[in-house]
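Working notes, structure below.
The values are calculated or read from the model by the stated rules, or taken from the named source; none is laboratory data. Everything quoted here is computed from the prediction, not taken from an experiment. Methodologically, a virtual Cβ is constructed for each residue, glycine included, from the backbone with ideal geometry; neighbour enumeration extends over all protein chains shown. Accessible surface is based on the protein model in full, side chains and every heavy atom, while ligands, DNA and RNA are left aside. Shrake-Rupley method; radii C 1.70, N 1.55, O 1.52, S 1.80 Å.
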Amino acid sequence: MAAQVQTATLISFPRPRAHIGAALKRHRLPEGLAAALARESEGFAEVSAHAALAYALDQRMASAPLDIEQARGILLAGPVGSGKSAVAAKIVRAARLAGRKTELTRAEAALGLFRTGTNPPGVLMVMEADGFNPLNARAATAFSALGDVPGVETIGVISALSDAEDAADLVSSFHFGRVIVTNLDRTRRLGALVAAITSGAQLAHVSDSAHADDALKTLEPGALASLLLDPQAH
């Protein structure tokens, strides 16, 4: 989902803040977040709408790709239908291409190995947790304990098809440190993506395909600004 950097100037967009506001409304961001991004972009508004929005996004999001070479255990957690299985397959493929021994497994047995320190040395364990109903408060309590297993990082998997406010609540409720956002190929609106990665979680990757051979991708503020501002970019 490569995005071309925009070079729009004040000549192209006489009112950068209005252009940014209209774009964020089109992507259905939560009103408070959209207003904050528009306000924080004002310092660069004299340059271009793209530069202004990229700056505002840069203040609120952090990219932190997975370190496939060093990771020991990756637990993918997310609601039913968020795309965990597809993400797991992509991680396994990337790890094997990097020369890692990798095992794709369900969470229960693999977490037991990590808790007892008997997980296979040098093997990257990619685990998929059972899907959950995000409206179930007990699920948040249950998953919070998973983050305490030594050697295992819980990565939230969130679909770009989600409601933006629901995506933000999911990150907050489950205390995800990093997220992977899926289904970018199935929506023209990126409100859920923006809400998820500006709610306290770092962005590990995005996925715009369910095929295992299509790698997970990174997304920087400038590229995201391009996608948000250009209705033809996505």
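Brief remarks follow.
- Proximal aspartates and glutamates relative to LYS84, as straight alpha-carbon distance under 13 Å, when same-chain residues fewer than 8 apart are discounted: GLU128, ASP130
- Derived scalar couplings ³J(HN,Hα) [region 19-26; Karplus, 6.51 cos²θ - 1.76 cosθ + 1.60; whole Hz; x for Gly, Pro]: 5, 5, x, 5, 5, 5, 5, 4
- To put it simply, the accessible area of the chain at a 1.4 Å probe is 51 percent carbon and sulfur.
- Candidates per GluC sites (Glu not before Pro) in region 26-97, loop by DSSP, up to 16 other Cβ within 10 Å: GLU46, GLU69
- At q = 0.18 Å⁻¹, base-10 log of I(q)/I(0) for region 170-214 (Debye sum, equal scatterers on each alpha carbon): -0.54
- Excluding ligands, DNA and RNA, the accessible surface per residue across the chain is 48 Å² with a 1.4 Å probe.
- Along its principal axes, region 190-233 has C-alpha extents of 29, 28, 16 angstrom, given from the largest down.
- Over 13 Å [Cα-Cα, region 57-98], rounded percent: 64 percent
- Between THR105 and LYS217, the simple label model (points 7 Å from Cα in the Cβ direction) yields a spacing of 3.3 nm.
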